[in-house]
Structure formats: C-alpha cells, structure tokens
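The values are calculated or read from the model by the stated rules, or taken from the named source; none is laboratory data. Please read these numbers as outputs of a predicted model, since none were measured by experiment. All Cβ positions, glycine included, derive from the backbone under ideal geometry; neighbour counts span all protein chains shown. Surface areas here come from the heavy atoms of the whole protein model, side chains and all, with no ligands, DNA or RNA. Shrake-Rupley method; radii C 1.70, N 1.55, O 1.52, S 1.80 Å.
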Amino acid sequence: MTATSEHPLVRRLPFHYAWAIVAAGCIGLFAALGLGRFALGMLLPSMGQSLELSRSEMGWISTGNFIGYMAAVTLGGRMVARWGARNTVVAGLGLVALSMMAVSRAEGFLQVLALYVVTGYGSGAANVPVMGLIAHWFGRRVRGRAAGFVVIGSGFAIMTAGVLIPAINAAHGAEGWRFAWLVIGLMVLATALIDLLVLRNHPSELGLAPVTGAPAAGAGTPAPICAAAPSPSAKRRILAHLGAVYAAFGFTYVIYATFIVTALVQERGFPESTAGMFWSWIGFLSLASGPVFGSLSDRIGRRAGLMIVFSCQAAAYVLVALPLPEPFLYASIALFGLVVWAVPSIMAAAVGDYLGPEQAASSFGTITLIFALGQICGPAVAGWMADAWGSFSGAFAMAAAVAGLGVAGAAFLPNPKRH
C-alpha cells in the first residue's frame, strides 16, 4: 500500500489510524457496556428502595438486559452485513441512550425490565461489531493488546459511575437515581456521535494495511497462524469450546458486578458512598486488565492466559463469599478489578487466531451468544439464592465454583494450527 493511496485524513496523523479505531472502540464500550450495563450495580440500591424491588426482581432486571443482549448477538451478523460495523455500532449506542433515559421515568419493576431489555439489545449491537473490527485492523502479534485497550472502556465507566451516581443521589435525594439514568443516557448519546465520526469498517477504506507488529528480537520468523478456513466440523468444535469457556466467565463475573455493591450496602453495612468508592477502585484497577492480559496472551498463548485469569476470579469470589475480616474484602475487590476485562480481550484475539480475520466478527458473535446465555442465568439464579438464603454469600461461592470450571475448560483448548 503506497502513501499516495492513503486517505488525506490519515496523512496528518502521527500514528496508524488503527489506534483511532481502538480509541473509538474503547469509547463505544465505555457507553454500551460500561454505562449501559455496569452502572446498574450502583443504581440498584437506591432504585430498589424507591421502587420496592425484591432481590429476585433486581436479578431479573439484570437478566433482562442480557436477554436483549443475546437477541442482538443473534442478529448481529445480519445487521453488520446489511449496515456495516460502524453503522451498527452507532445504532446500538442510540438504543442504549434512549432506553436509559426512558428508565428515568419508570414507575415499577415491569417498566424497568422492559426498557432494560432494550438497553441490552443496544449494548450487544454495539459491542460485537467493535470487537470484530480488531481482527481487520490488527495482525495476530498485536491483536490481543489492541483488544485489551478496547475493553478498558468499561473500566472507565465503572470509575465514573462509582463517583457520579452517589454524588447525584446525595444532591437529589431518594429520587436521584432517576436523574442519574437521564445523565448517563445523554453521555451515551454523545459517544454515539464520536463513533459515527471516527469508526471505519476496514483499513482499505482509508488506503491502509492492518497493523501487524514486529516479531520479538531474536525470535526469528514464526510460522503464521493458518488463515485458511477450518473444516465445518472443526469450526463447530472450537466455537463450542471457546463459547463454553466464555459462558463460564459470563455467568460468574456478572453475579459479582451486579450484586457486590448491594451486598456491601445491605449485608456489610457500608454507606453507599463507600461502596461507590470500592466500585470506582474496581474500575481503576480494571484499566490494566485488558491490555496486560491481552498482551500476555499474545506472548504465552490464549490457553495459559485464560487459566491465569479464571484462577484470579475464582479467588476473588471465594474471598467475598466467606465471612472473613475486612482486608480479605479489599483483596477480593483488587483481584476482580485486575482481571475483569481480561477474558473478553483474550477471546476477541482467540477467534482471529483459530478462524482467521475474515471470520472473526461472526465467530466472536457466535461465542458471545453462548456467553450471553451465561449472563442471563447468573443474575436470576443469584438473586433467587439471595432471597432464599438471606445472603449473597452462596451466590458468590457458586460463582467461584463455575470459575474453577473455566480454568479446566481453558486448560483443554487446542493450539491454533500453523503453516
């Protein structure tokens, strides 16, 4: 690709435009997942008290979001094929924004549930195409690192929600959660405009080639990952395997993300502002999780990277499930934050490794569909257990056990084929 064929937009940039795609993707996930999904954990205590929601109803609201998310993932390939990744992302963010603003006017459980299903649909419509773009814009050597930088958008959103929502509630009283939903919806709308301006579907649109990265010094030239499409049966096997591991992550992390603040406030007696500070620390620590573990998986392999991450998550869930002294709670929060976005970044890179960049978006959508099934089950089961047992401890222990299964599932992943 010669410089003369480059679009005028990219000639003035001191970096490859692929990194602008990463920045726009990070902003998109800040809105679609970070605000569209994870702000709920901070909003549930005050909203639940105002609307007199049971723990089971809180769990179903979160599950409704994932039902919408799964529906979007199911249709994601068709939407991208018809509209392109960029337009699909922007439309998804628009749905997230409008539905969240509408929640601010809700008067009961069923209204919140219905609107939050729409939020979930918009989140899925925005998330999957963004992650699929990474395989087009980046080669294997840097794919994990690039995906890692994209997923930290959710961490920035958690930090924002942990500070913003308690401040709004303090200023506006018992109904402050309504104003918080409105403000967050407007923030999402602004990110939709940014992604409309920045995202591009393929490097060729700007006269560019993907970023390939350089091999490590002294490493020689490794055999490239086979780019040829695998046989249909081999593709089904690897997608089922990756999907099962991803579902274990979906089932477990969402229990912690949905209920940790409520558990801190209702069971541990922490003020909402203190719980918000802990939530912000999770967001801050998570900023390293995607880039660090995505890059680590580029070096040591996706299998080993996933095993390390699931082990850390299992430890985080055990520490909060047991009646241990307060320092162990801090350790749980630190462990969860340090690895929370590692699995999505590794998975986004893994589908490109196993199936090639041309199949990456559709394949990531397929495993995300299985992942969404885990997310759907997690909050509903955890909420029911908390109502039945009077505590979230059993739900966190269950999450630890399933994370252990994630370690085992990752251990049996095959090596990607090489020429």
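Quick notes on this one:
- The listed residue being over 18 Å from Q111 (Cα atoms), open to solvent by 30 Å² or more (accessible area, probe 1.4 Å) and among the aromatic types (F, W, Y), out of F30, F38: F30
- Hey, R141 surrounded by fewer than 24 Cβ atoms within 10 Å (Cβ to Cβ), touching a residue at least 60 places away in the same chain (Cβ under 8 Å) and under 20 Å from the mean Cα position of the chain (by Cα) or not: no
- Single unsatisfied condition, V96 versus (1) modelled with pLDDT of 90 or more; (2) in a helix (DSSP H, G or I); (3) open to solvent by 70 Å² or more (accessible area, probe 1.4 Å): (3)
- Enumeration of residues in segment 48-66 that are among the aliphatic types (A, V, I, L, M) and surrounded by fewer than 18 Cβ atoms within 10 Å (Cβ to Cβ): L51
- Counting only residues that are within 22 Å of F156 (Cβ to Cβ) and out of contact with any Gly (no Cβ under 7 Å at 6 or more places or on another chain), segment 293-312 holds 2 of them.
- Members of segment 145-181 that are more than 20 Å from the chain's Cα centre (by Cα) and of a type in the set (G, A, S): A167, A170, A171, G173, A174, G176, A180
- Test result for T262, within 21 Å of the chain's Cα centre (by Cα), more than 26 Å from V407 (Cβ to Cβ), assigned to a helix (DSSP H, G or I) and modelled with pLDDT under 90: yes
- Whichever residue in segment 337-394 is among the aromatic types (F, W, Y) and over 28 Å from L285 (Cβ atoms) and, among such residues, is least open to solvent (accessible area, probe 1.4 Å): Y354
- In segment 316-332, residue nearest to A400 (Cα to Cα) [restricted to those that are touching a residue at least 60 places away in the same chain (Cβ under 8 Å) and open to solvent by less than 40 Å² (accessible area, probe 1.4 Å)]: Y317
- Qualifying residue in segment 373-384 (condition: over 22 Å from the mean Cα position of the chain (by Cα), more than 19 Å from G144 (Cα to Cα) and in a helix (DSSP H, G or I)): yes
- Number of residues in segment 32-74 that are more than 15 Å from I376 (Cβ to Cβ), of a type in the set (D, E, K, R) and not in a helix (DSSP H, G or I): the value is 1.
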